[in-house]
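Structure, as structure tokens:
Each reported figure results from applying straightforward, stated rules to the coordinates on display, with no laboratory input. No experiment lies behind these values; they were computed from the predicted model shown. Cβ coordinates were reconstructed from backbone atoms using ideal geometry, including for glycine residues, and neighbour counts include every protein chain displayed.
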Amino acid sequence: MILPEATLNVLVLATTVAVVLLLVIVVVLAVRLAKLRSAYASALDPARREDLFQAVQRQADDLDGLRNDLGIVHENTEQLRTLVSDTVSRVGIIRYDAFADMGGALSFSAALLDEHGHGVVISAINGRSETRAYAKPIVSRDSEYNLSQEEHAAIDAAMSGSKGTSGAAVPSRRGRRRDAS
């Protein structure tokens, strides 16, 4: 069967259009494939020569390892937090004149406490011819020994987290007020 020339021309033209269209599709797909291969290659370590499944499995294993390490770090942080809560972390120092005829605020009370208010308060009373030092244990911001007004002020300064080494003005033992700084 022989087709007329006009029909053959239409068929050739349609086939040519289809081939050109298919070539465009092939070029677009080739560009997409090149991009996909580039992304695939960047996701993989070329030295390992692994496929995508192996790379994903390796990443999952690495992630599990990091989660385990994070758990260990969390446990260590909790242990450190417990240890630090029992160390001296609060210090308050109050300077004062122990006697009215003495100047320079050479006497002091220093509280060295942990965050629970446990520790020691050390006081040094400076006189003309001698200096006496006292240390009193502190449990929950109090002591079994009588605490002076200055020692209470040092404990309060320590627990309030005052940044300086001087507390507020406290009355001296003879009733004279002196700024602790």
Original post:
Among the helices of the chain (complete DSSP H runs), which have Cα atoms covering no less than 27 Å along the helix axis and a Kyte-Doolittle mean of at least 0.0?
Top reply: 5-43
Subject >> Most to least packed among 122-134, 82-94 [average Cβ atoms within 10 Å] >> reply: 82-94, 122-134
**OP:** Place +1 on the Cβ of every Lys and Arg and -1 on the Cβ of every Asp and Glu in the range 6-78, take the dipole about the Cα centre, and give the residue among Leu52, Ala6, Val73 whose Cα lies farthest towards its positive end.
**Re:** Ala6
**OP:** Could you list the trypsin sites (Lys or Arg not before Pro) in the range 22-78 that lie in coil according to DSSP, counting only those with at most 15 other Cβ atoms within 10 Å of their Cβ?
**Re:** Arg48, Arg49
Original post:
Out of Gly127, Leu147, Tyr40, whose Cα points farthest toward the positive end of the dipole of the chain (charges: +1 Lys, Arg; -1 Asp, Glu; placed on Cβ)?
Top reply: Gly127
**OP:** Could you work out how far the C-alpha centroid of the range 55-97 sits from that of the range 99-148, in angstrom?
**Re:** 34 Å
Original post:
What nm distance separates the two modelled labels at Ser143 and Asp62, each placed 7 Å from Cα along Cα→Cβ?
Top reply: 5.9 nm
Original post:
Can you give the charge dipole size of the chain about its Cα centre, rounded to the nearest 20 debye, using +1 on the beta carbon of Lys and Arg and -1 on the beta carbon of Asp and Glu?
Top reply: 720 debye
Original post:
What's the extension gain from Val26 to Ser85 if we count 0.36 nm per residue and subtract their Cα-Cα distance?
Top reply: 14.3 nm
**OP:** Just flag the GluC sites (Glu not before Pro) in the range 50-84 sitting in loop per DSSP whose Cβ has no more than 16 other Cβ atoms within 10 Å.
**Re:** Glu50
Original post:
How are the C-alpha pair distances of the range 1-113 spread across 5 Å bins, as whole percents from the shortest bin up?
Top reply: 2, 8, 7, 6, 6, 6, 6, 5, 5, 5, 5, 5, 5, 4, 4, 4, 3, 2, 2, 2, 2, 1, 1, 1, 1, 1, 0, 0
Original post:
Which of the listed residues, Ser160, Ile138, Thr15, is farthest toward the dipole's positive end in the chain, when Lys, Arg count +1 and Asp, Glu count -1 at the beta-carbon?
Top reply: Ser160
